[in-house]
Every structure is written in structure tokens, then in C-alpha cells.
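Some notes on the structure that comes next.
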Amino acid sequence: MSVTTETSTSQRRYRPVRYRLEYLFVVMLRLAVRLMPRRCLLVLGVGVGAIFHRFDHRRRETAVNNVRAAFPDLSAGESRLIAKRAFFTLGRHALDLLRFDTMQVKQMMELVEIEGGHRVEQALADGRGVIFCGGHFGFWELQIMVHAAKFGQVVMVARSLDNPWLESMIGHMRARIGTRVVPRQGAVRSLLRALIEHQSIGVMADQHIQDRSAVVVQFMGRPAATTSTIAALALRTGVPVIPVFALPLPGGRYRMIYEAPVEMPDPKSPEAVLDFTQRCSDVLETYVRRYPQLWLWMHRRWRIDQSPIEQTLCSEKVGGRGER
């Protein structure tokens with residue numbers, strides 16, 4: 001047996017233990033955030049993000065390389081700072097999600113302001129269903145909770161966490177307010193059924209897709225394999241697609257934004273699905289460029305080819321230790 005195979009087998013053997021330890025840590029953290037003043041909680045969240053940034057070398061390098069490739073005009077220091085702040089955002093997001101899970105609807109609403117809510121109300125009043133197009137940007141899990149509490153149930157398809165214990169926990173968080181998550185297998189059929197029944201659905205538009213539903217669009221100047229589900233469902237049913245974003249505000253509050261519906265191309269066009277998918281990606285890109293510290297740079301969004309700067313970074317690593 002090779003060293004690589006032995007290492008892989010060892011990792012699989014200890015994975016259940018690691019999952020349980022991670023779950024116990026989150027459970028204890030969940031109990032702690034119930035008792036902690038929220039101002040202290042937000043500071044602690046940034047600290048948790050800083051710890052992960054310091055010790056998760058692989059994701060830190062992925063984040064820095066992604067930022068450098070997306071913003072080639074930035075210096076290495078500026079790219080590292082954006083990546084670092086993205087970890088801070090994720091840490092605050094994780095802890096405040098645990099706190100929001102303890103709140104009643106009224107308490108949640110006191111911490112948010114809704115921008116573009118009339119667009120949701122109008123779409124719901126039309127009685128045709130709505131597609132909410134989101135991404136791993138800002139405080140998306142908080143927006144999922146607030147949306148369900150404010151506007152009613154939303155049906156979502158989401159990637160399962162590797163840790164089944166934590167996946168079950170976040171599933172209960174979503175369901176408590178009214179979000180229903182459907183598995184990826186057979187997701188398109190479930191989402192179409194929801195739209196036919198005039199329900200709202202939510203789909204993340206910034207995950208790398210490897211199945212037949214993928215189309216390649218430009219995102220941040222690079223080709224990205226992207227789900228065509230949003231476009232296909234919208235073109236088939238005629239329902240509006242509303243992009244959503246959650247931004248932080250001073251004082252620990254949030255702004256939940258509902259953008260204008262994405263303009264629908266001619267459904268008869270042979271490029272309609274690709275064109276519509278590109279338009280959805282363009283809206284997300286606008287926000288990522290405006291608030292780069294709020295996007296999840298540490299996941300592998302682009303896996304099709306390498307930009308020139310990525311090729312340079314890889315060459316640097318071959319010739320030396322690479323940037324830390």
C-alpha cells in the first residue's frame with residue numbers, strides 16, 4: 001500500500017471522531033452565545049474567523065489566490081487583507097447564526113432592515129411563485145431565516161455539509177422558521193413542483209457544478225461552471241428571479257436587499273439559458289466587486305482553467321515554498 005493510500009485510510013478512520021468533536025464544540029459554543037452579550041459575540045466571531053485564517057493554511061491560500069486572480073491590479077498585501085477579512089466575516093456569520101437561532105421573530109426583525117421588500121410582496125401577490133437567486137455572500141444564512149420569517153416558506157436546494165452532525169443541526173435551524181431544504185438528487189423536479197404550486201424557491205448561484213446542468217459563464221473575469229437550474233426554471237414557468245444579498249450595518253445590524261428581478265431574455269433564443277445564467281452571475285459579481293470582503297473566497301469556485309496569474313502562482317510554488 002502506498003503512503004498516499006495509507007494516509008487516506010487513516011483520515012477516513014478518524015473522520016467520525018473528528019466530526020463528533022466538531023459537533024460537541026459547536027454545541028458548547030451554541031450554549032455560550034445564548035448567555036453572551038451580543039456585542040461581545042460579534043467580536044468573538046471575528047476572533048474565531050481570525051483563528052481559522054491563521055491555522056487553515058489550505059483555505060487561506062485558496063482565498064488569497066482567488067482574490068489575486070479576480071483583482072490582478074491589487075498588490076499581494078491588499079489581496080491578503082481582503083482574504084483575511086473574508087474569514088472575519090465568516091466567523092461573525094457562524095456565531096451570529098447560532099444567536100439568531102435562539103431569537104423570536106420580533107427580535108430578529110429589530111436587527112434588520114429590508115430594502116426592496118416591495119418587490120417580494122409584488123411577486124408573491126402575482127401568485128406565480130418566485131425564484132430567489134443567492135450566493136455565499138455576506139450573511140446569507142441569516143437572510144434565509146429572516147426571509148422565511150418575514151415572507152413565508154422558501155424551498156431551497158443546498159449542498160450538504162461533510163459533517164452529518166452539523167448538517168442535521170443547521171437543517172433544524174432552517175426548518176424552525178420555515179425553510180424547506182430538498183436534496184440535490186431530484187432537486188430540479190422538487191423545485192419545479194414548488195413553483196407550479198406557487199411557492200418560493202431559493203438557489204445558490206456561485207457553486208462549482210459538475211453535472212449535466214452546468215453551463216460555463218464568465219464570473220469575475222474567469223470561466224465558471226454554473227448551475228443552469230435558475231434560468232431553466234424561470235424560462236419554463238415565467239416566474240421572476242430576484243437576487244438577494246445581506247450586508248452588515250453599524251451596531252450589529254443587517255440590511256437584507258432584494259434586487260430588481262433579472263431581465264429575462266427571449267425564451268425562444270437558443271442561448272436563452274446561457275444568457276439568463278450570465279445575467280444572474282453578473283448581478284452577484286457587481287456585489288462581490290463592491291464588497292469583496294463579504295464573499296466566500298476560500299472555496300474553489302473556478303476549476304475549469306487557470307488565469308495567467310494563477311499559472312504564475314503555481315510556478316512560484318514549484319520553484320519555492322509559495323506564499324504563506
Gaussian network model of the chain, Cα within-10 Å springs - most flexible of Leu90, Leu35, Leu98: Leu35
Under 12 Å, Cβ to Cβ, from Val188 - net charge with Lys/Arg +1 and Asp/Glu -1: +4
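What is the gain in length, in nm to one decimal, between Arg290 and Gln185 on full extension, counting 0.36 nm per residue of separation less the C-alpha to C-alpha distance? Write out the running numbers ahead of the final one.
Values: separation 105, 0.36 × 105 = 37.80 nm, distance 3.43 nm.
Here the answer is 34.4 nm.
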Value in Å of the Kirkwood radius, where the range 53-142 supplies the Cα pairs that are averaged: 16.2
Label of the coordinate-derived value, semi-axes √(5λ) of the Cα gyration tensor in Å, listed as (1) 31, 27, 21; (2) 40, 28, 16; (3) 63, 33, 21: (1)
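List the GluC sites (Glu not before Pro) within the range 219-288 that DSSP assigns to loop and that have no more than 15 neighbouring Cβ atoms inside 10 Å. Could the numbers behind the result be given before it?
Details: sites: Glu259, Glu263, Glu271, Glu285; in loops: Glu259, Glu263, Glu271.
Counting only loop positions with at most 15 other Cβ atoms within 10 Å, the GluC sites (Glu not before Pro) in the range 219-288 are Glu263, Glu271.
Can you compute the FRET efficiency between Glu113 and Ser269 using 1/(1 + (r/R0)^6), with r the Cβ-Cβ distance and R0 = 56 Å? Round to the nearest 0.05.
Values: r = 38 Å, r/R0 = 0.68.
Rounded to the nearest 0.05, the efficiency is 0.90.
Just to confirm a number: summing +1 for Lys and Arg and -1 for Asp and Glu over residues other than His299 whose beta-carbon lies under 13 angstrom from that of His299, what do you get? Present the calculation step by step, with values, prior to reporting the outcome.
Numbers: positive: Arg58, Arg59, Arg60, Arg159, Arg300, Arg301, Arg303; negative: Asp56, Glu61, Asp162, Asp206.
Taking every other residue near His299 into account, the sum is +3.
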Using a Förster distance of 30 Å, the FRET efficiency for His299-Leu124 (Cβ separation, nearest 0.05): 0.40
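At a 10 Å Cβ-Cβ cut-off, how would you order Tyr258, Tyr291, fewest neighbours first?
Fewest-to-most Cβ neighbours within 10 Å comes out as Tyr291, Tyr258.
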Efficiency of FRET from Cβ geometry, Asp56 and Arg236, R₀ 35 Å, rounded to 0.05: 0.30
Euclidean distance of C-alpha centroids, the range 227-266 and the range 43-68, integer Å: 28
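Rounded to two decimals, what is Rg over Rh for the range 88-140 when you use alpha-carbon atoms and the Kirkwood radius?
Details: Rg = 14.0 Å, Rh = 13.4 Å.
Rg/Rh for the range 88-140 comes to 1.05.
What are the semi-axes of the equivalent ellipsoid of the range 106-290, taken as the square roots of 5 times the eigenvalues of the Cα gyration tensor, listed largest first and rounded to whole Å? Can you show the working numbers first?
Working: eigenvalues 117, 70, 65 Å².
The equivalent ellipsoid of the range 106-290 has semi-axes of 24, 19, 18 Å.
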Cβ-based charge dipole, the range 106-290, positive-most Cα from Leu247, Pro223, Met145: Met145
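Please give the net charge around Ala158, taking every other residue with its beta carbon less than 9 angstrom from that of Ala158, where Lys and Arg add +1 and Asp and Glu add -1. Could you put the intermediate results ahead of the total?
Numbers: positive: Arg159, Arg174, Arg184; negative: none.
Result for the local shell: +3.
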Protection-proxy order for peptides 113-119, 194-200, 220-226, each taking the mean of Cβ atoms within 10 Å per residue, highest first: 220-226, 194-200, 113-119
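Readers should treat all values here as calculations from the given coordinates under stated rules, not as data from a laboratory. This one's a predicted model, so the numbers in the text were calculated from it and none came from an experiment. Glycine gets a Cβ as well: all are built from the backbone with ideal geometry, and neighbour counts include every protein chain shown.
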